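Single-structure report; data block below.
The values are calculated or read from the model by the stated rules, or taken from the named source; none is laboratory data. On a predicted model such as this, the values are computed, not experimentally measured, just so you know. Cβ: placed from backbone, ideal geometry, glycine included. Neighbour counts: every protein chain shown.
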Amino acid sequence: MKFHSLASSSAGNAYLVESAGSVLMIDCGIAARSEMLARMGSVGISPDSIVGIVFTHDHSDHAKGLGVFHRKFPDIPLFANLMTSEAIASSAGVPEEEFIPFENGQSFEVGPFEVCAFPIPHDVPDPVGFMVRAEGIGYFHATDVGTPLDSIGVHLAEADYATLEANHDRGLLAGSDRSEMLKRRIRGPRGHLSNDEAADLVRRFASRRLKALRLAHLSCECNAPHLADAAVRDALREIAREDVDLAVLPPYEPVTWGAA
């Protein structure tokens, strides 16, 4: 499998998993269709190869591009759990019956991909992360995670490749000019993972099978790539896994990683 990040920030999120010429899109948070297509083209992906779009939750930075994208490519199947599909349908102007519903914890097939959604704590109805399997490879995807729960970690332990949120540095968040209400939301149990919390999850659950890890959804105001990298790299060093390919996903620049 190969993986492509088209956007990874509070301004927008869209990720692609590629296997044997088929592509699974995770979230569709780039509003301008032309920008979405340009970023896809820059990593060599055609919309014709997309076998489905799966949604983690309904926040606009993960779903605001769906309306224009779906009108252009109405034959690409859409997958979400019931609460998420209801909310996205309302905000994106896409009929709810256009979504194929899934149940959390139950595997379903999208082209060559076996997908299983698992619950995560975030401040929306029924948010999820995903385990995606193809070619005998497991891919873990979790952004917008409020708390590094063991129930999330058990999926990370099954991953060969992983994308994990490292949203903020606690010190930078505390010293920022954001309102106290927003700070409480971000660091709360249904907010976002700090660098230290992401590192804790990796320290406790990264297994011997993990080959590569990408840190996602960094705050541009309350984090810095070198801080997120250092926190998680220290955790990998503690468990003697310096061999893991670790990097931070840029917020707006398309990047490709994973198996050749």
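Structural remarks
- Entirely in region 94-143, the strands (runs of 3 or more DSSP E) that have 2 or more residues that are of a type in the set (A, V, I, L, M, F, W, C) and buried (at least 17 other Cβ atoms within 10 Å of the Cβ): 113-119, 128-134, 137-142
- Set Ile76, Ile50: member being β-branched (Val, Ile, Thr), out of contact with any Ser or Thr (no Cβ under 9 Å at 6 or more places or on another chain), in the same structural domain as His4 (by TED's automatic domain parsing) and at pLDDT 95 or above: Ile76
- Scanning region 48-67 for residues that are touching a helix residue (DSSP H, G or I) at 6+ places or on another chain (Cβ under 8 Å) and closer than 17 Å to Val132 by Cα yields Ile53, Phe55, Thr56, His57.
- Any chance Ile88 is over 23 Å from His217 (Cα atoms), assigned by TED's automatic domain parsing to the domain that holds Asp48, free of Cβ contacts under 8 Å to residues at least 60 places away in the same chain and surrounded by 14 or more Cβ atoms within 10 Å (Cβ to Cβ): no
- Test result for Ala134, more than 17 Å from the chain's Cα centre (by Cα) and free of Cβ contacts under 8 Å to residues at least 12 places away in the same chain: no
- Per-region count, region 192-209, residues closer than 15 Å to Ile152 by Cα and part of a loop (DSSP other than H, G, I, E, B): 4
- Among the residues making up region 234-250, a single one is surrounded by 16 or more Cβ atoms within 10 Å (Cβ to Cβ) and either closer than 18 Å to Leu173 by Cα or charged (D, E, K, R) (or both): Arg241.
- Options Glu180, Glu197; residue that is free of Cβ contacts under 8 Å to residues at least 12 places away in the same chain and acidic (Asp, Glu): Glu180
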